[in-house]
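What follows is a short report on a single structure.
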Amino acid sequence: SSPDAKAKVSLSPELQHACEAITNGIQDIGHRLLPPVLELKKQQLNDDNGVVSLASTLLSSLQSMSLENERGISSPSSPLDSAISSIKKLNQFYAKLIALEWSHDIHKKNENTIDFKLGQTVKHKLFNFKGVVVAWDPKPHMDVSQWDGLQGVDNPNEKPFYHIRPDINDCIREFGGPRTWRYVCQDNLEPYDLKHGRIELEMEL
């Protein structure tokens, strides 16, 4: 056989059965979680005009977990590899769930000063690029008083700032090339309704 061939782990029947039970069990968890996540996504889409549903990231994680488990069951890979992969996918889903829950709680505590929600689609009033809110700061972490576009903003160092994932095509048009992030003062943002056009993001893999 080829020296580069991956050695297969020899499993006892008991361990093989345990690995298969883990894979099947996690797939069952994914199927049980799917309806409430779909309902959450539906509620967010109904309640929040112009919002890219935060439930979508949970849904994509669930779908990835389900596909991974189905491939593991039908593929010739070892039951141990399939079980480990399934556990990793479930852990990734849990991490996203905790992160979104934390983000929601933080937003609720600051909703009197923060105008835009996490996941909301927005547009820059001056530079005309669209984007999605992925994080925000109650105040900027640096002196922004001399930044372009902030000369007309009263005391920008005391205003909320948003981390924006901008539209690729808008950045090429406005800045001459794609940009991964934009850091924008609240006063320079306005809501953007997706019915006016989709937003194309540069995704990091």
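The values are calculated or read from the model by the stated rules, or taken from the named source; none is laboratory data. Predicted model only: the values in this text are computed from it and were never measured. All Cβ positions, glycine included, derive from the backbone under ideal geometry; neighbour counts span all protein chains shown. The accessibility values were calculated without ligands, DNA or RNA, using every heavy atom of the protein model including side chains. Shrake-Rupley method; radii C 1.70, N 1.55, O 1.52, S 1.80 Å.
Data overview
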| quantity | calculated |
| --- | --- |
| All positions within region 115-128 that are hydrophobic (A, V, I, L, M, F, W, C) and more than 20 Å from the chain's Cα centre (by Cα) | Leu126, Phe127 |
| The lone exception for His141 - which of (1) more than 25 Å from the chain's Cα centre (by Cα); (2) loosely packed, with under 12 Cβ neighbours inside 10 Å it fails | (1) |
| Test set (1) closer than 24 Å to Thr57 by Cα; (2) open to solvent by less than 80 Å² (accessible area, probe 1.4 Å) - Phe127 fails condition number | (1) |
| Any pair with Cβ under 7 angstrom, 6 or more apart, that starts in region 172-187 at a residue that is more than 12 Å from Asp148 (Cβ to Cβ) and of a type outside the set (A, V, I, L, M) and ends at one that is open to solvent by 50 Å² or more (accessible area, probe 1.4 Å) and at pLDDT below 90 | Pro178/Glu202; Thr180/Glu202 |
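Yes or no, residue by residue, for (1) within 20 Å of Leu90 (Cβ to Cβ); (2) modelled with pLDDT under 85; (3) open to solvent by 90 Å² or more (accessible area, probe 1.4 Å):
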position	(1), (2), (3)
Lys8	no, yes, yes
Ile22	yes, no, no
Gln27	yes, no, no
Val37	yes, yes, no
Val51	no, yes, no
